[in-house]
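The values are calculated or read from the model by the stated rules, or taken from the named source; none is laboratory data. Predicted model, so just to flag it, every value in this text is computed and none were measured. Neighbour counts are summed over all protein chains in view; Cβ atoms, including those assigned to glycine, are modelled from backbone coordinates with ideal geometry.
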Amino acid sequence: MRVKYPEETRELVEAGLERYFPAGKRPDILYEAMSHSLFSGGKRFRGILVIETAKTFGVSPKKALPTACAVEFIHTYSLIHDDLPAIDNDYLRRGQPTCHVLFGEDIAILAGDALFAEAFNLIAREQAADDPAGVLKVVAEIAGATGVCGMVGGQAVDVVSSGKQVDAETLEYIHHNKTGALIRASTVSGAILGGADEKSLRSITEYGVSLGLAFQVTDDILDVIGDPGLLGKTPGSDERAKKATYPGICGLERAQEFARERVEAAKASLSNLDSRTSVLRDLADFVFERQW
Ligand code: GRG
């Protein structure tokens, strides 16, 4: 891999998750299930995006940490539910047995639900003090991106499209919402925390939208040609589940070109910003080059 991944920021997110994880209370099994899925690895890409975007607008990494960790709580919730027998029925995630395999479907559903609620609890408790109005905008951005007009809506269309012939417009809708919306919300939240003006917010939104789409297209590609050891899961799940994917509808080569185009578009969106954007550009290149 040629692109440098911001390991220091990743470690900060990791430490933040340890710090903000609401452990040590009843019921034990629920905390164990949440903890298993939250601390089994992961790139912490969305949390890093919050911090690195906030940094671009002059906010210290520590200051943006609660929102970064909240976004990772939500991402982990989505993975737990995505792996359930009723959705993808996956057994392996981040190189570990999935939550429902270890704790049962009932507890896995509840662990996801609890992480989702704890995400907003964390933002309200730890992020709101300095700028309550800004943090309310962050809450609206993240809640919107995970609801009907975001992650859950995209997932619903993905579920009902399984096994059907899907056109490019529907596939783009699924990818933008199922995966792209939370990635966009991560960049936009970082910018809001940094008090970005309207013009900068538009640029960061465009960056996040292009990045989010590219991220899911590379996820589709890795599901065809990825190394199971690096991915921490078994490739081929999209084909087994008869999921619509970019390699499926336009072939592997065109899907790779499309991902590269979206990454270039993401980087171009940053050109209007006055501040230093080299890490955000590197993160865009990482999305194309990633192998995990
Ligand atoms: C309420 C049933 C229900 C579902 C919630 C399941 C769901 C909504 C949405 C699914 C969203 C989802 C899991 C999309 C896939 C996104 C994706 C590419 C995940 C992998 O992300 P990485 O590569 O994973 O960042 P790591 O492990 O590195 O964090």
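Condition test on ALA259, is it without any contact (Cβ under 8 Å) to a residue 60 or more places away in the chain, under 30 Å from ASN89 (Cα atoms) and in a helix (DSSP H, G or I)?
Details: without any contact (Cβ under 8 Å) to a residue 60 or more places away in the chain: yes; under 30 Å from ASN89 (Cα atoms): yes; in a helix (DSSP H, G or I): yes.
It is true that ALA259 is without any contact (Cβ under 8 Å) to a residue 60 or more places away in the chain, under 30 Å from ASN89 (Cα atoms) and in a helix (DSSP H, G or I).
This table checks each residue for (1) within 22 Å of ARG281 (Cα to Cα); (2) within 16 Å of the ligand (Cβ to nearest atom); (3) touching a residue at least 60 places away in the same chain (Cβ under 8 Å); (4) β-branched (Val, Ile, Thr).
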site	(1), (2), (3), (4)
GLU7	yes, yes, no, no
GLY24	no, no, no, no
ASP28	no, no, no, no
MET34	no, yes, yes, no
LEU38	no, yes, yes, no
GLY41	no, yes, yes, no
ARG44	yes, yes, no, no
GLU52	yes, yes, yes, no
LYS55	yes, no, yes, no
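Taking interchain pairs and intrachain pairs at least six residues apart, which have beta carbon atoms under 6 angstrom, with the first residue in region 193-211 and within 26 Å of ARG290 (Cβ to Cβ) and the second among the charged types (D, E, K, R) and surrounded by 18 or more Cβ atoms within 10 Å (Cβ to Cβ)?
Pairs that qualify, where the first residue is within 26 Å of ARG290 (Cβ to Cβ) and the partner is among the charged types (D, E, K, R) and surrounded by 18 or more Cβ atoms within 10 Å (Cβ to Cβ), are GLY208/ARG184; VAL209/ARG184; SER210/ARG262.
Picking from LEU110, LEU122, which residue would you name as being away from the ligand (no atom under 16 Å from the Cβ) and at negative phi? Spell out the reasoning first.
Numbers: LEU110 fails: away from the ligand (no atom under 16 Å from the Cβ).
Going through LEU110, LEU122 in turn, just one is away from the ligand (no atom under 16 Å from the Cβ) and at negative phi: LEU122.
What are the residues in region 1-59 that are outside any helix (DSSP H, G or I) and small (Gly, Ala, Ser), if any? Give the derivation first.
Looking only at region 1-59, we keep the residues that are outside any helix (DSSP H, G or I), and these are 1-6, 21-27, 39-44, 57-59.
Within region 1-59, ALA23, GLY24, SER40, GLY41, GLY42, GLY58 qualify.
Would you confirm whether any residue within region 57-66 is buried (at least 23 other Cβ atoms within 10 Å of the Cβ), more than 15 Å from the ligand (Cβ to nearest atom), among the β-branched types (Val, Ile, Thr) and touching a residue at least 60 places away in the same chain (Cβ under 8 Å)?
No, that holds for no residue.
Quick one: which helices (runs of 4 or more DSSP H) sit completely within region 144-220 and have at least 3 residues that are closer than 29 Å to ALA117 by Cβ and within 9 Å of the ligand (Cβ to nearest atom)? It would help to see each step written out before you state the result.
Working: elements: 151-161, 168-175, 181-193.
By residue number, 151-161.
Could you please find all residues in region 126-143 being assigned to a helix (DSSP H, G or I), surrounded by fewer than 19 Cβ atoms within 10 Å (Cβ to Cβ) and touching a residue at least 24 places away in the same chain (Cβ under 8 Å)?
GLU126, GLY134, LYS137
Go over the candidates ASP113, ASP88, ASP82 one by one and state the one that is farther than 17 Å from PHE21 by Cα, in a helix (DSSP H, G or I) and under 18 Å from the mean Cα position of the chain (by Cα). Reasoning before the result, please.
On the way: ASP113 fails: farther than 17 Å from PHE21 by Cα; ASP88 fails: in a helix (DSSP H, G or I).
That would be ASP82, the only listed residue that is farther than 17 Å from PHE21 by Cα, in a helix (DSSP H, G or I) and under 18 Å from the mean Cα position of the chain (by Cα).
Looking only at residues that are crowded, with 17+ Cβ neighbours inside 10 Å and at pLDDT 95 or above in region 261-276, which one is nearest to ASP167 (Cα to Cα)? Can you show your working first?
From region 261-276, those crowded, with 17+ Cβ neighbours inside 10 Å are 262-263, 265-267, 269-270, 273; that's our starting set.
When the remaining residues are screened for being at pLDDT 95 or above, the result is 262-263, 265-267, 269-270.
Working: ARG262: 19, VAL263: 22, ALA265: 23, ALA266: 24, LYS267: 27, SER269: 27, LEU270: 30 Å.
This residue is ARG262.
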